[in-house]
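In what follows, a structure is listed as structure tokens, so that the remarks can point back to it.
The values are calculated or read from the model by the stated rules, or taken from the named source; none is laboratory data. The shown structure was predicted, so the numbers you read here are calculated from the model rather than taken from an experiment. Reconstructed Cβ throughout: ideal geometry from the backbone, glycine too, with neighbour counts over all protein chains shown.
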Amino acid sequence: MKKEMMKPTFVGLLLILCLLGSAAAQRDPNADPTAELSFLVVKEDNGKPVRNAAVIMHPVNDHGKQSRGGQELKTDADGKTSFDGVPYGKLRVQVLAPGFQTFGEDYDVDRAKMDFTIKLKRPQSQYSVYPDHPDEKKGPAPDPNAKPQ
């Protein structure tokens, strides 16, 4: 009776080993290496996480031109997001979040695991060639209907 129970168990184990062997054989050892990238997006002024920020990744060719398509991720409540399977090479990362300046930077993906901390800035005031000068005395506004003298 024990021999009868051992036979199905042995066949089951043999089947599992065969399946694992075929799965391992399907992996191409010459395939391009890929990396796992982790992003932490925070506010520059206080270091608090920025949730629901869009982290967009575009591969970049040797001439600095980004390819079409790309991958968009969203940060969680802790300002974190990650992606596994990014091919080695140049990668353009853009981060967009309401109320912050757009972030953009090119990185060289060359390790199996990479972590990035991105600090978003608040929008800066606009530059104007007509700045207000609080030191200058302002007289009454000229009357647009006045006749020249």
inquiry  = Quick check on Asp78: is it modelled with pLDDT of 80 or more and assigned to a loop (DSSP other than H, G, I, E, B)?
reply    = yes
request  = May I ask you to verify whether Asp45 is within 22 Å of Lys113 (Cα to Cα) and assigned to a loop (DSSP other than H, G, I, E, B)?
outcome  = no
inquiry  = Here's a check for you: in the range 81-111, which residue that is part of a strand (DSSP E or B), surrounded by fewer than 15 Cβ atoms within 10 Å (Cβ to Cβ) and over 13 Å from the mean Cα position of the chain (by Cα) is modelled with the highest pLDDT?
reply    = Asp108
key: Test: Asn30 is polar (S, T, N, Q) and at pLDDT 95 or above   = no
The range 65-75, subset part of a loop (DSSP other than H, G, I, E, B) and not charged (D, E, K, R), residue nearest to the chain's Cα centre (by Cα) = Thr75
inquiry  = I need every pair where a residue in the range 112-125 that is over 11 Å from Gly47 (Cα atoms) has its Cβ under 8 Å from the Cβ of a residue that is among the acidic types (Asp, Glu), sequence separation at least 6 or different chains.
reply    = Ala112/Glu36; Lys113/Glu36; Met114/Glu36; Arg122/Glu44; Arg122/Asp45
note = Among (1) at positive phi; (2) modelled with pLDDT under 85, Gly47 falls short only on (2)
